[in-house]
Amino acid sequence: MTSLQSMIDRAGGPVPLLRSSPLGPYQFPGIPPEFTNWRDEVRAWKDGVALLEQSYHMTELHLRGSGVIAFLKELAVNKLDVFPVGRAKQLVLAAPDGNLIADAIVFHEEESFYRVVGAPFASDWLLFNSESTQHDVNAEKNDNWSVHQTPRDVFRLQIQGPRALDLLAEATKAPVPEISFFGIGELTIAGKTVRALRHGMAGTPGFEIYGAWDDQEAVRAEFEHAGLEHGLRKVGALAYSTTAQESGWMPMPLPAIYADERLRPYREWLNNYFLESIGSLGGSLVSSHIEDYYVDPIEVGYGGLVDWDRDFVGHDALRVKAAEQRRTKVTLEWNDQDVAGIIGDSLFGAEPRPRFIALPTPMYATFESDAVLKDGEVVGISQWSSFTANANRLVSTTLVDLSLAEPGTELVLQWGEPDTQRQTVDSHEVRPIRVRVAASPYYAKVIKTGQ
C-alpha cells in the first residue's frame, strides 16, 4: 500500500496527481444502466413512482458506543444535541481550514448504534478519527460493491414520487404510519420487518426502505408486484446519476484534505485503496492551487445547520467564511442550441472537435470542476451536471459569485479539459456554452412535515 501523501509527493502536488488519474466518472455498481429507458425512469420520480436501488453504492460506517455523539460533535459542524433513536440527520464535516470534507446521513438506530451512510469520504474521515478518540466509540466500515462484492449489513431501496404513499400502503397491506421528515418508522413488507426513512426529492415525497440483507428479494418482489398497478419504474444507473440536480444536492465535491499540513497524518493514513487517492479531477477550471477546487459548507447551503455554540474542527475558519461569503449555490441551465451544436460537432465536425457531451451525465472525472465565466473572468465553478428528462434540458449544480446568483443571469460555461493528461479524455478543443442561472433546488422541496 502507498499512502496518499507519498502519491502527492511523487506526483509533484495534489493537482498533478488528481488531474493525471486515469479513473473516469463514478460507476454505480450492482445495477444495470437501464431497466427500461433512462428518460422514463427519470420521469417516474416526478410524475409517478420510482424504485431506486441504493444497496450497492452507498458506503456505511457503523458507530457503536456511549461516546458516539460526543465524538461526532468534535467533528461535525451541525447540531446534534436533540437526536433521539428513530431519527436521521445530515452530517456535515469540515476541514481545519473551514472547507468541506464531506456530508452524509447518520441514522440513530439504537441507543448506542449509529449508521453513517453516503459517499465514502465522510466515513473515511470518521474512521480515521475514531482510531485516536478518547470517547467510547467503535467504528466498523461496510464498504460498497465498488470495493467488495459481498453481502452487506442491510439492503436499501428508495421509493419516490407522487404515488409513493399509495405504493407503500399496498406493499405493507396497511395504512402507512405518519412519519415526520427525516423520521424513521418500522414497517412490515412480505412478512419482513424493515425501516423507512421519510424524505423527498424533486418536490415529491419518498421513503428510504432498508432491512436485513437476506430479506431483500422478498421485499423487492412485493414492491414490484404492488407496482404493477401504480406504474412503478425501476431506476437504473444512468437515471440514478441525475437525481442530485433536481434536489439541489452537491454529491461529489472534492474533499478538502489535500494540502493543509494539519491533515498530513490523515493523508499518510489514506492509501491507494481509498477513492480520495485514486479519484480524478477533471474539467475546464485549471489552477495549480488545489484550494481553488474546494467548496465550503456555507456556500453549498449548510449554513443554517451549523452549531456555532460549540467547538468543532474548522469552527473558527468556518465562521470567517460565513462572515465573508463570496459564492452561493445555484442551478445552471445550459443553452439547448449550444449543447446540440457541441454534440453534433464532436461527432461529425472537422478537427479540432469539442469534447463529446455524454447523456444523461456528461461528467468524465470523479470530481468535475468546470469554469463559469462573466466577461471572460472566472466567477463560478460548475460541479455535477446532468440532463434532466423532467425539464428536458442539461443543468448543473454550481457555485457563483453572490452578485450573479439572480435567476435569469446569463453566464458562460467552458466545456472541455485544457491540456488534459488523462487517456480517458480524447483530443478536443474547449468550447463555450451559454448558461442561465436558475434556483437550487431546481424543483421546490417537498413539505418537511407529515406525509
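Amide H to amide H, with H built 1.01 Å from N, Ala94 comes under 5 Å of Val77, Ile101, counting only residues 5 or more places away or on other chains. Panel note: the C-alpha atoms of the range 123-260, placed on their principal axes, show extents of 54, 32, 31 Å (largest first). Mean projection of the Cα convex hull over all viewing directions, computed for the range 254-310: 5.6 nm². Remark on the chain: Rg and Dmax equal 21.6, 65 Å (Cα only). Couplings 3J(HN,Hα) of the range 341-355, computed from phi: x, 5, 4, x, 5, 5, 9, 10, x, 7, 5, x, 8, x, 5 Hz, in residue order, whole Hz [Karplus 6.51 cos²θ - 1.76 cosθ + 1.60, θ = phi - 60°; x for Gly and Pro].
Above 24 Å lies some portion of the pair distances; for the range 247-341, what is it as a whole percent of all C-alpha pairs?
More than 24 Å apart: 38 percent of the Cα pairs in the range 247-341.
A DSSP coil position with no more than 11 other Cβ atoms inside 10 Å describes the following trypsin sites (Lys or Arg not before Pro) in the range 173-259: Lys173. The amide H of Arg156, built 1.01 Å from its N in the peptide plane, has Gln54, Ser55 as neighbours under 5 Å, considering only residues 5 or more places off or on other chains. Probing with 1.4 Å while keeping every protein chain in the model, the per residue accessible area of the chain equals 40 Å². Distance from the alpha carbon centroid of the range 356-382 to that of the range 229-254 works out to 19 angstrom.
What are the semi-axes of the equivalent ellipsoid of the range 303-451, taken as the square roots of 5 times the eigenvalues of the Cα gyration tensor, listed largest first and rounded to whole Å?
The three semi-axes for the range 303-451 are 32, 19, 15 Å.
For the range 127-237, the relative contact order works out to 26 percent when only alpha carbon pairs closer than 8 Å and six or more residues apart are counted.
Which is the longest run of the chain containing none of the GluC sites (Glu not before Pro) found in DSSP loop states (not H, G, I, E, B) with at most 11 other C-beta atoms within 10 Å?
179-323
Entry note, the range 328-391: relative contact order of 23 percent, from Cα contacts under 8 Å with a spacing of 6+ residues. Working note: Cα atoms of the range 345-427, range along each principal axis, descending, whole Å: 37, 32, 26. For the range 89-145, the alpha carbon positions stretch 32, 28, 23 Å along the principal axes, listed from largest to smallest.
Surface composition of the range 245-326: carbon plus sulfur atoms hold 51% of the accessible area, using a 1.4 angstrom probe and ignoring ligands, DNA and RNA. Entry note, the chain: the mean residue ellipticity at 222 nm calculated from DSSP H runs of n ≥ 4, each adding -39500 (n - 2.57), is -6500 deg cm²/dmol after division by the residues and rounding to the nearest 500.
Amide H contacts of Ser241 (H built 1.01 Å from N, in plane; Pro and chain starts excluded): no residue 5 or more places away or on another chain comes under 5 Å. For chymotrypsin sites (Phe, Trp or Tyr not before Pro), the sites in the range 247-277 that DSSP calls loop and that have at most 14 other Cβ atoms within 10 Å are Tyr273. Its residue count N fixes a reference of 2.2 N^0.38 Å for the range 338-386, and the Cα radius of gyration divided by that reference is 1.28. Converting phi to 3J(HN,Hα) with the Karplus coefficients 6.51, -1.76 and 1.60 and the offset θ = phi - 60°, the range 316-330 yields 5, 5, 5, 4, 5, 5, 5, 6, 10, 4, 10, 10, 9, 8, 9 Hz in sequence order, with x at every glycine or proline. Could you tell me how far the Cα centroid of the range 34-88 sits from the Cα centroid of the range 124-189, in Å? When both Cα centres are located, 6 Å separates them. Ordered from longest to shortest, the equivalent ellipsoid semi-axes for the range 5-157 are 28, 25, 15 Å, each the square root of 5 times a Cα gyration tensor eigenvalue. With both labels modelled 7 Å from their Cα along Cα-to-Cβ, the Glu131 to Gln423 distance reads 3.3 nm.
In sequence order, the range 87-101 has phi-based couplings of 10, 10, 9, 7, 9, 10, 10, 10, 7, x, 7, x, 7, 7, 8 Hz under the Karplus curve 6.51 cos²θ - 1.76 cosθ + 1.60, θ = phi - 60°, and Gly or Pro positions carry x.
Cα convex hull, the range 165-245: 108 Å³ per residue, rounded to a whole number.
The values are calculated or read from the model by the stated rules, or taken from the named source; none is laboratory data. Since we're looking at a predicted model, the values are computed, not measured. Here Cβ is always computed from backbone atoms with ideal geometry, including for glycine, and neighbour counts include all displayed protein chains. Accessible surface areas use protein heavy atoms only, side chains included; no ligands, DNA or RNA. Shrake-Rupley method; radii C 1.70, N 1.55, O 1.52, S 1.80 Å.
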